[in-house]
Amino acid sequence: MPSPAAPLKNDLVGDIAAQALWIRRRSFQMVYEAQQGHPGGDFSATDVLATLYFGVMRYDPKNPRDPKRDRFVMSKGHCTGAFYSVLARAGYFPEADLSTYMEPLSKLNGHPNRNYLPGVETNTGPLGHGLPVALGIAIAGQIDNADFRTFVLTGDGELQEGSNWEAALTGGHRKLENLTLIIDRNRLQQGARTEETASLDPLDDKWRAFGWHVEVVDGHDHAKLLEVLSASPKGRGKPLCVIANTFKGKGVSFMHDNVAWHHGVPTKEQYEQAMRELV
Amino acid sequence: MSAAAPSKAGLFDCRDSFAATIEALAESDSRIVTVVSDSVGSSKLGGFKKKFPERMVNVGIAEQTLVAVGAGLANGGKVPFVSAASCFITGRALEQVKADIAYSNVNVKLIGQSSGVAYGELGPTHHSIEDLAWLRLFNNLKLIVPADPWQTAEAIKAAAAYDGPVFVRVSRMAVPALERPEGAVFEIGKAETLVEGTDATIIANGTMVHRAVAAAKTLAAEGISARVVNMATVNPLDEAVIAAAAETGAIVTVEEHSVRGGLGGAVAEVVISTNPVPMRILGFPGFVPTGSAAWLFDNFGLNETGIAEAVRQTIARKK
């Protein structure tokens, strides 16, 4: 099952970059038109999402519940601008549906619903739910000795939820090498910096202490993300935690590393400026 | 499928029935797994663990992950039975039950063990008399409160056969096997009338059903004809049976639960919008004082005498 949008192998990184640009533009258009959303987190997560869907995961959008598929759990369920854009781009539903974001009766709720949209594995929104569910998926794979992988993307502020650490314990205990956690480490939560709120550092040491293999990478470097996420987990004997160092609002100058864009929405002038920058 | 043996004097612990049934089902359905939070012994799953060690997932004392892992296992094609003390699998993990199980609408079976006031003297932290009120709000989550070992086994089989989220509330209180007509069947959403009657209807479930039957016998000796309905499914309710109950002109509900928002609340919601009649809800008023489960039942009138008296008083309110 190759990634459907997979390009010629000789420019995989270039293609991922092109997909990421498209996702940033399309998701920001969604937020602008709906005048709602979480664009700062959309932009910090975009490069991870583009790398997973266009360079790493095996899936068939025409058979979204194929038992052999790799799973992706979007734990930071508020970042639906980026998530829906990547799902549409990957072929799970028509790109035109993105224009219904947040409208009455739209399948594109503010937080993803697996019963509305193919490609959504579990309903998220409340924080700290994705990793424990992904853990369960990975355990099912472990019981069956199946070769699918399970990926989950969390925010970093989200790690203040205790449920993550329950799951971290069992993930390490069961040596779930088929499980990969990616942390969107943009260092900003809704109201302030994580380190000024309930500090997470040293984050890599915490995951190592729970029995995970840790990789710390630039979360906007497609080549590096591709390298660590596509490496075979076989024989590692541990779940993988990728700490993706990112910036909230990455790609647009006035949003960059700016907490105001957690759920800020753009004016017409801001939208037009962002579109001029996202090229 | 072997029925669990009675412990003493013809009384049964329904957890034995749960354990025997899940082991038998797992023999023929390799998708069935159990998920526990250090709750192997309290769920009586020692036998399952011995037979299917690789199909028991123990996440440790971590109920949020317990419930979420159930959702993940269902995603991976399993039919998980997630089992822990009812007070913790509901209250401690309520948002996981809401978002990961009910709202996600996944094929997970939640088993609330040792429900109600079974833990007696251990007190309200360990009682689970709020669980039905909490869970009843999730409209697509089937809620079953079996009354005896046969119904517990049938509820577990029905939960396994149903493709969707189910909560089964299992008691550890000793109960007798109820008398039923030959060929009785259990179906999710269908109540059973155990005693016919015309003057009033007692609607009960779980450990209160055999007490309701005893109360009806007491009343019959006085010339009062009380119907007894075992409303084992709290969601969805058997509304036809409740409507029929209203025709007797008086309804008393009895449950090992708070009087707020459980079976009584559910029945009242139907009665007020169909055929309002005098009603009485028997249960616990809230946090209860120290006492054994047996003492608590007697103290709050959840026995033959208390139920019979409530029926007399409710009949007296008929116009």
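Since every read-out is calculated from the coordinates, none of them should be taken as a lab result. Just so we're clear, the structure is a prediction, and the values are computed from it rather than from any experiment. Using ideal geometry, Cβ is built from the backbone for each residue, glycine included, and neighbour counts are taken over all protein chains shown.
Just one residue in the set A:V259, A:V265, A:V252, A:V214 is touching a residue at least 12 places away in the same chain (Cβ under 8 Å) and under 25 Å from A:R58 (Cα atoms); that residue is A:V214. Scanning the range B:104-123 for residues that are crowded, with 20+ Cβ neighbours inside 10 Å and either within 14 Å of another protein chain (Cβ to nearest Cβ) or in contact with a Phe, Trp or Tyr (Cβ under 9 Å, 6 or more places away or on another chain) (or both) turns up B:S104, B:V106, B:N107, B:V108, B:K109, B:L110, B:I111, B:G112, B:Q113, B:G116, B:V117. Assess whether B:E196 counts as being under 21 Å from B:A316 (Cα atoms) and touching a strand residue (DSSP E or B) at 6+ places or on another chain (Cβ under 9 Å). Criteria met by B:E196.
For the range B:139-169, taking the residues that are part of a loop (DSSP other than H, G, I, E, B) and either closer than 22 Å to B:D29 by Cα or without any contact (Cβ under 8 Å) to a residue 60 or more places away in the chain (or both), the one that is farthest from the chain's Cα centre (by Cα) is identified as B:D163. For the range B:101-138, residues that are in a loop (DSSP other than H, G, I, E, B) and of a type in the set (D, E, K, R) total 2.
If you check B:G41, B:G47, B:G10 for being away from every other protein chain (no Cβ under 14 Å), surrounded by fewer than 24 Cβ atoms within 10 Å (Cβ to Cβ), without any contact (Cβ under 8 Å) to a residue 24 or more places away in the chain and not polar (S, T, N, Q), only one passes: B:G41. Criterion first (basic (K, R) and in contact (Cβ under 8 Å) with a residue 24 or more places away in the chain) does A:R114 satisfy it? When the stated conditions are applied, A:R114 does not pass them.
When B:A74 is tested against (1) without any contact (Cβ under 8 Å) to a residue 40 or more places away in the chain; (2) over 26 Å from A:R71 (Cβ atoms); (3) among the aliphatic types (A, V, I, L, M), only condition (2) is not met. Residues of the range B:70-100 that are facing chain A (nearest Cβ under 7 Å) and surrounded by fewer than 21 Cβ atoms within 10 Å (Cβ to Cβ): B:G77, B:E95.
When the range A:142-173 is examined, which residues are found to be surrounded by 24 or more Cβ atoms within 10 Å (Cβ to Cβ) and within 7 Å of chain B (Cβ to nearest Cβ)? Once the filter is applied, which keeps residues that are surrounded by 24 or more Cβ atoms within 10 Å (Cβ to Cβ) and within 7 Å of chain B (Cβ to nearest Cβ), the range A:142-173 yields A:S163, A:E166, A:A167, A:T170.
Of the strands (runs of 3 or more DSSP E) that lie entirely inside the range A:138-219, those containing 2 or more residues that are touching a Cys at 6+ places or on another chain (Cβ under 8 Å) and not small (G, A, S) span A:179-185, A:213-218. The residue list B:T193, B:T198 contains one member that is part of a loop (DSSP other than H, G, I, E, B) and farther than 24 Å from B:A85 by Cβ, which is B:T198. Return the residues of the range B:175-191 that are more than 14 Å from the chain's Cα centre (by Cα) and either crowded, with 20+ Cβ neighbours inside 10 Å or in contact (Cβ under 8 Å) with a residue 60 or more places away in the chain (or both); say none if nothing qualifies. B:P176, B:A177 - these are the residues of the range B:175-191 that are more than 14 Å from the chain's Cα centre (by Cα) and either crowded, with 20+ Cβ neighbours inside 10 Å or in contact (Cβ under 8 Å) with a residue 60 or more places away in the chain (or both). Residues that are away from chain B (no Cβ under 14 Å) and buried (at least 20 other Cβ atoms within 10 Å of the Cβ) within the range A:90-126 comprise A:A90, A:Y92, A:L98, A:Y101, A:L108, listed in sequence order. Only one entry of B:V234, B:V270, B:V229 meets the criterion of being within 15 Å of the chain's Cα centre (by Cα) and farther than 19 Å from B:V311 by Cα, and that entry is B:V234. Among the residues making up the range A:67-114, those that are within 20 Å of A:T154 (Cβ to Cβ) and in a loop (DSSP other than H, G, I, E, B) are A:D70, A:S75, A:K76, A:G77, A:H78, A:C79, A:N109, A:G110, A:H111, A:P112, A:N113, A:R114.
On the stretch given as the range B:292-308, residues that are in a helix (DSSP H, G or I), more than 16 Å from B:T201 (Cβ to Cβ) and not polar (S, T, N, Q) total 8. In the range A:125-183, the residue that is farthest from the chain's Cα centre (by Cα) out of those that are farther than 28 Å from A:S199 by Cα and of a type in the set (D, E, K, R) is A:D144. Given the condition within 18 Å of B:A99 (Cα to Cα), surrounded by 24 or more Cβ atoms within 10 Å (Cβ to Cβ), more than 8 Å from chain A (Cβ to nearest Cβ) and touching a strand residue (DSSP E or B) at 6+ places or on another chain (Cβ under 8 Å), answer yes or no: does some residue in the range B:50-66 qualify? The answer is yes; a qualifying residue exists. Taken as a whole, the structure places B:A159 among residues that are within 15 Å of B:N235 (Cα to Cα) and crowded, with 24+ Cβ neighbours inside 10 Å.
The residues on offer are A:L131, A:L179, and the sole one that is more than 9 Å from chain B (Cβ to nearest Cβ), touching a residue at least 40 places away in the same chain (Cβ under 8 Å) and not hydroxyl-bearing (S, T, Y) is A:L179.
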